[in-house]
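The values are calculated or read from the model by the stated rules, or taken from the named source; none is laboratory data. What you see is a predicted model, and the numbers here were worked out from it, not measured in a lab. A quick note on method: Cβ atoms are made from the backbone with ideal geometry, for glycine too, and the neighbour counts reach across all protein chains shown.
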Amino acid sequence: MSTNEIFERARLSRDARFDGRFFIGVKTTGIYCRPICPANAPKSENVVYYRTAAAASEAGFRPCLRCRPECAPGTPAWAGTSTTVHRGLRLIAQGALDDGNLEHLANRLGVTSRHLRRLFSKHLGASPLAVAHTQRLHFAKNLIDQTSLSMREISVASGFGSVRRFNDTFKKTYGRTPGQLRRRQDATVIASVFSVQLPYRRPFDWDRLLTFFAARATPRVESVHDRRYLRTIAIGDERGILDVQNTGDQLLLSLHGIGTNSLFSIVQRARSLFDLDAPTDEIARVLSADSRLRALLKKNPGVRVPGSWDGFELTVRAILGQQVSVSAATTLAGRIADRYGERIDVPVDGVQQAPDRLFPEPKKLVRARLENLGIIASRARTIRSIARAVIDGTLSFDAAESPDDFCESLQAIKGIGDWTAQYVAMRALKNPDAFPASDLGLLRALDHPGKLRMKAGELMTRAEAWRPWRAYAALLIWGSENGAGG
């Protein structure tokens, strides 16, 4: 069956599994819709399919005001097969094209701007600038619909630079000013100007994610309270708390003590943290070919790979977890935060003891006497080496490097092995194919009764069939009865 035939079936059945996976341009109206649009389905000869909203927009279609494409789950960062596109999308989400400098983005990715445009066109059907523009436009439209922020605040938060440019873009795209769109919108405006909704792909097991984070929450930096995830964050000179809860069909992200200027980057990082855009149907299709994983998928059909808020913080946590229990590593991480982390005082309604420490930056740990906190000397030296590498620029978590190059750079630091590098690539770089094959939990969970313990090489051979979703296979196994996790 061709891709267009699959899309046609999904459109006619309004299959929610494909929401955000492709968009429908309707030639008779000039608009583009989600597969779940409630409007009467147009005739097949009047539609054209696009893999991304940016591609539909670049082809001249405008967003549907009924199904609101801006509310669809995001396009997975690994859309297509190109790792360069994957890395480029992550950098764009981090603001790499805020200044419109495509040459600079291409240089960071190690390709020419012409080749980068060709790759994006092949895999996404749109140029990098079109992708960045559509992301910002959709983000602004959501803020108009969901919040009571002023248009000036929304224009700044969504990166338009000026209210005039913001207004002109909306008039060109929607045929209405932002103010007119707000007056006609039917959604209920959230009372807090610091809250935004984050749609996600289904199935989505919020409780399983919370269980993972709760076991690894660094004391005073993170907490799970009353089915809410809270953590301290620093954005520029602002200090505050990220507060996320599940409302039933989407996450509600609230910010305490943080303004809206950096809202776009915060939202992108939060989406990555909870892996909201994972293509669950594709993952299940590949992994269910393995009988063991098929059984685990029945218990956890919406498997997610928990991300990280900060790559350096996660790497320190991974080093602390080498050859010790999850709880012991969590205790040590809390001691580091308590000794070297900056204290903040931001109240959170309904939470008596909200997190009150920022995890220390690399400059705070590059000479830290971690041995005094019960951390063995070799791991203390490794943590200081990681901090030094981040400071001098030899180690970066911004996706500019390929996953293989990143792991090579990380393993060049004494005390970092394959397990740690793969674990960090899995959660900090969001590499869906990262796989810590030497993990004892994985090996133990796949043991055959009465036989010798499976070796890492044997597991790697078996895991070849799980590509490019080996990270999700690892999370499935860790979530099973015998798997422990990092």
Residue list for the range 77-93, filter: modelled with pLDDT of 80 or more and of a type in the set (A, V, I, L, M): V85, L89, L91, I92, A93
Some residue of the range 135-150 being more than 19 Å from I266 (Cβ to Cβ) and modelled with pLDDT of 90 or more: no
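To keep it simple, each residue is scored yes or no on (1) in contact (Cβ under 8 Å) with a residue 12 or more places away in the chain; (2) crowded, with 16+ Cβ neighbours inside 10 Å; (3) over 19 Å from M426 (Cα atoms); (4) not assigned by TED's automatic domain parsing to the domain that holds Q352.
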| residue | (1), (2), (3), (4) |
| --- | --- |
| D226 | yes, no, yes, no |
| Y229 | yes, yes, yes, no |
| A234 | yes, no, yes, no |
| L293 | yes, yes, no, yes |
Extreme residue, farthest from V305 (Cα to Cα), among residues of the range 417-439 that are crowded, with 23+ Cβ neighbours inside 10 Å and among the charged types (D, E, K, R): D439
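A289: surrounded by fewer than 19 Cβ atoms within 10 Å (Cβ to Cβ), in contact with a helix residue (DSSP H, G or I) (Cβ under 8 Å, 6 or more places away or on another chain) and part of a loop (DSSP other than H, G, I, E, B), yes or no?
Answer is yes for this residue.
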Qualifying residues in the range 120-137 (those that are in contact with a helix residue (DSSP H, G or I) (Cβ under 7 Å, 6 or more places away or on another chain) and over 15 Å from L97 (Cβ atoms)) - the one surrounded by the fewest Cβ atoms within 10 Å (Cβ to Cβ): H123
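Considering only helices (runs of 4 or more DSSP H) fully contained in the range 385-455, which possess at least 3 residues that are among the polar types (S, T, N, Q)?
none
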Tally, over the range 306-327, of residues that are of a type outside the set (D, E, K, R), in a loop (DSSP other than H, G, I, E, B) and at pLDDT 95 or above: 4
